[in-house]
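The values are calculated or read from the model by the stated rules, or taken from the named source; none is laboratory data. For clarity, every value in this text was computed on a predicted model and none was experimentally measured. Cβ coordinates were reconstructed from backbone atoms using ideal geometry, including for glycine residues, and neighbour counts include every protein chain displayed.
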Amino acid sequence: MIEAKSIGKFFSVVNEKGLAEGLTAVLNVSITIPDGKIVSLLGPSGCGKSTFLEILAGLQAPTDGTIHIDGKLVLEPLPATRKEQIAYRRRYRFISPLANGVFRDRPKHDIAMIFQDYAVFPWMTALQNVVFALKLRNAAPSFAVGGAVKLKKREIEDKALYYLHKVGLAASAYKYPSQLSGGMRQRLALARALSVEPKIILMDEPFAAVDALTREKLQDELLRLWDETAGTGNPVTIILVTHDVQEAVYLSDEVVVFSPSPGSIRNRILVSVKRPRARTDAELAEIHERILAMFQYDINQEADYSI
């Protein structure tokens, strides 16, 4: 279970006059996400969705609030006073960089992240990209904490091929990303994320760079793979950032609508339509229209404010 409590994120920025000023990207966001659900974070550009996703991943520390996954703290809020800075430094730099790497900075949570720009290594083949992720997980000091068994070299390659096959890339295992289409590169990113068998997958606009037809195919592929994990008794939790209302409604168990900047939760909409779903389902269309109406209201309010 993911629990976010009163998350805030404040950035210091320099304006056109060269003076420092503040920007609040995320404001007082609290949400609980049960295991095995697909949840979309939806909202206008610049509303803090991606920032919040990176805080969930532990890639950014919140300015305020805490994130717990299965009861474990992801990252503490950044220290705001000198006293807090001293205490923070003592906790996280207590022996040496080497000791920190072994004891403090090791991964605490079973998370994989997929970015909009694929983030695959262009100098590696599709197979090497997946193998690399598996080797990193295999070498992590915390790998065996959950009882996982380290894999041998041949087992790593077999597992990489297995997940490439799952996403339909077995025949392209020895091709480089430059030899793959945009949709194939995104499937490669998905195979790499799935190969480490995480409990949580975080996705930041993963299908934004592909055409509409490929996007729909990738959405269905994601649902198929997610459904397979549910069949194992250990369903993966997926949190998806998107601007596409139809995508959010079609994929999700819940759509979390963010307000314009600073980002806060404007509404939470449960999507109880049974799977498999049809994109033309009347109930999905009704939810789609409700969310569009919220967006239109926000746009009109902003327009009135600027006049």
For this session: Report yes if Gln246 is assigned to a helix (DSSP H, G or I), in contact with an Asp or Glu (Cβ under 7 Å, 6 or more places away or on another chain) and touching a residue at least 24 places away in the same chain (Cβ under 8 Å), otherwise no.
Result: no
Exercise. In this structure, does Ala209 turn out to be more than 24 Å from Ile31 (Cβ to Cβ) and either in contact with an Asp or Glu (Cβ under 9 Å, 6 or more places away or on another chain) or crowded, with 19+ Cβ neighbours inside 10 Å (or both)?
Worked result: yes
Exercise. What are the residues in region 1-44 that are within 14 Å of Leu240 (Cα to Cα), crowded, with 21+ Cβ neighbours inside 10 Å and not β-branched (Val, Ile, Thr), if any?
Worked result: Ser40, Leu41, Leu42, Gly43
Exercise. Looking at this structure, is Arg192 within 18 Å of Val130 (Cα to Cα), basic (Lys, Arg) and outside any loop (DSSP other than H, G, I, E, B)?
Worked result: yes
Seminar exercise, completed: Subset of region 1-52, residues basic (Lys, Arg) and in a helix (DSSP H, G or I), comes to Lys49
For this session: Just name the residue that is modelled with the lowest pLDDT out of those in region 252-280 that are in contact with a helix residue (DSSP H, G or I) (Cβ under 9 Å, 6 or more places away or on another chain), surrounded by 15 or more Cβ atoms within 10 Å (Cβ to Cβ) and among the charged types (D, E, K, R).
Result: Arg266
Exercise. Restricting the search to region 163-181, which residues are assigned to a helix (DSSP H, G or I) and touching a residue at least 40 places away in the same chain (Cβ under 8 Å)?
Worked result: Lys166, Ser172, Pro177, Ser178
Exercise. In region 53-100, how many are assigned to a helix (DSSP H, G or I), modelled with pLDDT of 85 or more and over 18 Å from Ile33 (Cβ atoms)?
Worked result: 0
For this session: Return yes when Leu151 is without any contact (Cβ under 8 Å) to a residue 40 or more places away in the chain, outside any helix (DSSP H, G or I) and touching a helix residue (DSSP H, G or I) at 6+ places or on another chain (Cβ under 6 Å) and no when it is not.
Result: yes
Seminar exercise, completed: When every residue in region 45-73 that is in contact with a His (Cβ under 8 Å, 6 or more places away or on another chain) and surrounded by fewer than 17 Cβ atoms within 10 Å (Cβ to Cβ) is compared, the one farthest from Glu254 (Cα to Cα) is Lys72
